[in-house]
Amino acid sequence: MPDLRVMRRYLSLSALALLISGCGATHQVSQGLPAIEQGALNAPQTFTRLPAQRYTPDDWAQALNAQVLLPNTPDAKRRPAALIVHGGGWRNRGPDDMESIAEQLAEQGYVTVNIEHRFAPEYRFPEQLHDLQQAMTWIHSNAERWQVDTNRIVGVGFSSGAHLISLLALADDKGPLGDPYGGEQAQLAAVLVGGLPSDLLKFDDGRLVVDFIGGTRAEKPEAYALASPARQITPQAPPFFLFHGSWDQLVPVDHATDFYQALQAQGTESELYLQRGYGHFASFLLRGSAIEAGIAFLNRQVQP
C-alpha cells in the first residue's frame, strides 16, 4: 500500500529508526536453520529485459502488461519463475516499485514476471485475483519459449500485492477462489511476501479495504473472510517466507505473527523475519537483508 510521496516523507524517520534499533531483526523458522544461513544464495548472473507485454486475453476487461526478465542461463535447462505483484492498497502504484526485487530474482536465475493488475474501486475482489490467475496461465503458455519449469513458479509481493499473492497461493482450485480462472496452472511452489494484510476482518472499515471488497464488514462478512489469506490456510499451503516491520501501524505486525503461527501449527515450512523498529513503508524501503533472506528461502524450495 506504499505511496511514493509518503515514502519520501518517512525516509528521515526511517533513518532515525535504523539508529535506534541498530538494524536488528528477529528471524524465526519452522524447521531447521534459516535458508540464508545455509548458503542458499547463488552467484549473481546477468539477465535480459524484454519489452513490456500484454498478458491478459483480448476479451479481458482491461489490457494489463507484464515486465519480464530472462536470466542468461548458460545451458538449456528449465529454470524457476517468479510472479511479482506490487503494493498500493489495491488502488494504485505499479510494477516499477518491484523492479529492483525482480532484478535480484533474475540474478538468482528466476524468469521474473512483474505485473499490473486492475484497481479498486472500479474493479473489486475477486477481480484482482483473477488477473493473477491469468498471469499464471500466461506464464504456462510461454514456458517452452522462456525455459520455465512450471512446477517451480513462486510468488512475490508486498502489502496489497502480498495479499493477492497469498490468496493465489492458498486458493483451492475446486473452491470459490479457484473458480473460474484457477486450477493446476495457478499453483505456486513457494511464497515470499512482506507487509501482508492477512486477515481483512481485523481492519476497521477504512476506505482502502471497503473499496476493495465493495462494502463494510457488516455488509459483506463472507467476502471479507474469503478475501483473508489467514482464513484460507489448508494443509496444502506452500512454503511461506514473511517479512514485516515490528512498528507497522498500517498493517499491524499480528497479521504476520498470527499467520506464521497458523502455518507453523500445521507443519507448513515457513520463516518469519521481523524488522525491528520498522513501520510499513520503512520495511519496504529498507528491505535489503529481509529480501536476501527471502530469496534464499525461495531458492531452497525450488532447487531441482
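The values are calculated or read from the model by the stated rules, or taken from the named source; none is laboratory data. This is a predicted model, so every value here is computed, not measured. With ideal geometry, Cβ positions are generated from the backbone for all residues, glycine too; neighbour counts draw on all protein chains shown. Quick note on the areas: whole protein, heavy atoms, side chains included, nothing else; ligands and nucleic acids left out. Shrake-Rupley method; radii C 1.70, N 1.55, O 1.52, S 1.80 Å.
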Next item on the list: Examine the stretch 161-173 for a residue that is more than 22 Å from PRO57 (Cβ to Cβ) and either over 10 Å from the mean Cα position of the chain (by Cα) or of a type in the set (D, E, K, R) (or both), and state whether such a residue exists.
Entry: yes
Checklist line | Condition met for LEU242 (over 24 Å from PHE125 (Cβ atoms) and not hydroxyl-bearing (Ser, Thr, Tyr)) | finding: no
Note to self: Against the condition modelled with pLDDT of 95 or more, crowded, with 17+ Cβ neighbours inside 10 Å and under 22 Å from the mean Cα position of the chain (by Cα), how does VAL29 come out, does it pass?
What the structure shows: no
Item checked: Hits in the stretch 293-304 - residues which are open to solvent by 50 Å² or more (accessible area, probe 1.4 Å) and either modelled with pLDDT under 95 or closer than 19 Å to GLY87 by Cα (or both) -> GLN303, PRO304
Next item on the list: Hey, could you check the stretch 140-193 for residues that are of a type in the set (Val, Ile, Thr) and surrounded by fewer than 24 Cβ atoms within 10 Å (Cβ to Cβ) and say which is nearest to THR73 (Cα to Cα)?
Entry: VAL148
Next item on the list: Could you look through the stretch 110-166, keep only residues that are polar (S, T, N, Q) and not in a helix (DSSP H, G or I), and pick out the one that is nearest to HIS255 (Cα to Cα)?
Entry: SER159
Margin query: Six or more apart or on different chains, Cβ atoms under 8 Å: show the pairs whose first residue is in the stretch 190-204 and within 20 Å of LEU298 (Cα to Cα) and in contact (Cβ under 8 Å) with a residue 12 or more places away in the chain and whose second is open to solvent by 30 Å² or more (accessible area, probe 1.4 Å) and polar (S, T, N, Q).
Written below: ALA190/GLN301
